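Chemist: Take a look at this one; I'll ask things after.
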Amino acid sequence: MEKLNPWLLSGGVRMLEKLMPRSDEFFDDFDAQCAVTVEGTRLLHALLNDYRDVPLRVEALTNVELRGDFVTHTALTRLHQQFITPFDRLQIHSLLSRIDDVLDFTHAAAARLDSYGIQAALPDAAELARLLVLGAEKVQEVVASLRLLKKPNQILAGCKEIKRLAWQADEALRSGLGRLFKSGMDHLTVIKWKEIYDLLDIATGKCNEVANVIQGVVLEHS
């Protein structure tokens, strides 16, 4: 049996790789997801800091969330069709899903403000939204650094900061709930705000889950 020339074989592999879609397109998807997620969290924070025109501003955030869904759908479609991926397919799927969750829960909190007829914002809600913005911005930074997997310390330091912000959000939630239950508001309003607080906390928790996925990717490639 005639042996294949190694040079020709390697050339064939290089030719095949050129014909394949570029795996770094996934990094572009991650970046697009993070950008729209940061935009959504900033809109919510701005609303809670300057509480007016609620229906219109929630609608604007809804449009951002729809753009995020489109980005996620495009990325997941690519994942199912593409042969070459920058790291494990399940990790890519988990990362895409969790970034999408951050925006979904951000939108859910905003939608409750409108549908529950909340008349005025509370400082603790604005603080939770502020921490959410910081978490989303740090996620954006860390996800962008995934292109530099050969610099794991930088990435892991970013993950540590995301976890610190998630812990800070948990503390803010506990303090905020304490004040809410002692506020003297009617029970129905308290129930509405507790749900909104919880959604904001879950959104920040999803940032923490993004950090967990990224840590797994880094440790697997270090």
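The values are calculated or read from the model by the stated rules, or taken from the named source; none is laboratory data. Please read all numbers here as calculations on a predicted model, not as lab measurements. Here Cβ is always computed from backbone atoms with ideal geometry, including for glycine, and neighbour counts include all displayed protein chains. Side chains are part of the model used for accessible areas, which takes the heavy atoms of the whole protein and leaves out ligands, DNA and RNA. Shrake-Rupley method; radii C 1.70, N 1.55, O 1.52, S 1.80 Å.
Chemist: Kindly provide the trypsin sites (Lys or Arg not before Pro) of the stretch 31-139 that DSSP labels as loop, not H, G, I, E or B, and whose Cβ sees at most 13 other Cβ atoms within 10 Å. Display every interim value, and only then the final one.
Modeler: Details: sites: Arg42, Arg52, Arg57, Arg67, Arg78, Arg89, Arg98, Arg112, Arg130, Lys138; in loops: Arg52.
Sites meeting the loop and neighbour criteria: Arg52.
Chemist: A further question on this structure: Decide, for the stretch 35-106, between rounded, prolate and oblate: order the square roots of the alpha carbon gyration tensor eigenvalues as a ≥ b ≥ c, take rounded if a/c falls under 1.5, and otherwise choose prolate if a/b is larger than b/c, else oblate. Before the final figure, lay out the partial values.
Modeler: Details: a/c = 4.26, a/b = 2.73, b/c = 1.56.
Since a/c reaches 1.5 and a/b is larger than b/c, the shape of the stretch 35-106 is classed as prolate.
Chemist: Where nothing but the Cβ of Lys and Arg (+1) and of Asp and Glu (-1) is charged, how large is the charge dipole of the chain around its Cα centre, in debye to the nearest 20?
Modeler: Values: 26 positive and 31 negative charges, 108 e Å.
Magnitude of the dipole: close to 520 debye.
Chemist: Using 0.36 nm per residue, how much length does the chain from Leu148 to Thr85 gain when fully extended, once their Cα-Cα distance is taken away?
Modeler: That pair, Leu148 and Thr85, stretches by 21.2 nm at full extension.
Chemist: Taking 0.36 nm per residue of separation and subtracting the Cα-Cα distance, what length does fully extending His93 through Leu76 add? Write down the numbers at each step before the final one.
Modeler: Numbers: separation 17, 0.36 × 17 = 6.12 nm, distance 0.71 nm.
Here the answer is 5.4 nm.
Chemist: Another question, then. Over the C-alpha atoms of the chain, what are the Rg and the largest Cα-to-Cα span, Dmax, in Å?
Modeler: Final numbers for Rg and Dmax: 21.2, 87 Å.
Chemist: Please give the calculated 222 nm ellipticity per residue for the chain, where each DSSP H segment of at least 4 residues contributes -39500 (n - 2.57) and the sum is spread over every residue; nearest 500 deg cm²/dmol? Write down the numbers at each step before the final one.
Modeler: Details: 7 runs with 181 residues, N = 222.
For the chain, the value works out to -29000 deg cm²/dmol.
Chemist: Please give the length that would be gained between Asn212 and Ala120 if that part of the chain were fully extended, namely 0.36 nm times their separation in residues minus their C-alpha to C-alpha distance (nm, one decimal). Spell out each step's value before the answer.
Modeler: Working: separation 92, 0.36 × 92 = 33.12 nm, distance 3.55 nm.
Roughly 29.6 nm would be gained on extension.
Chemist: Under a 1.4 Å probe, what is the accessible area of the chain per residue, stated in Å²?
Modeler: Values: 11980 Å² over 222 residues.
With all protein chains present, the chain gives 54 Å² per residue.
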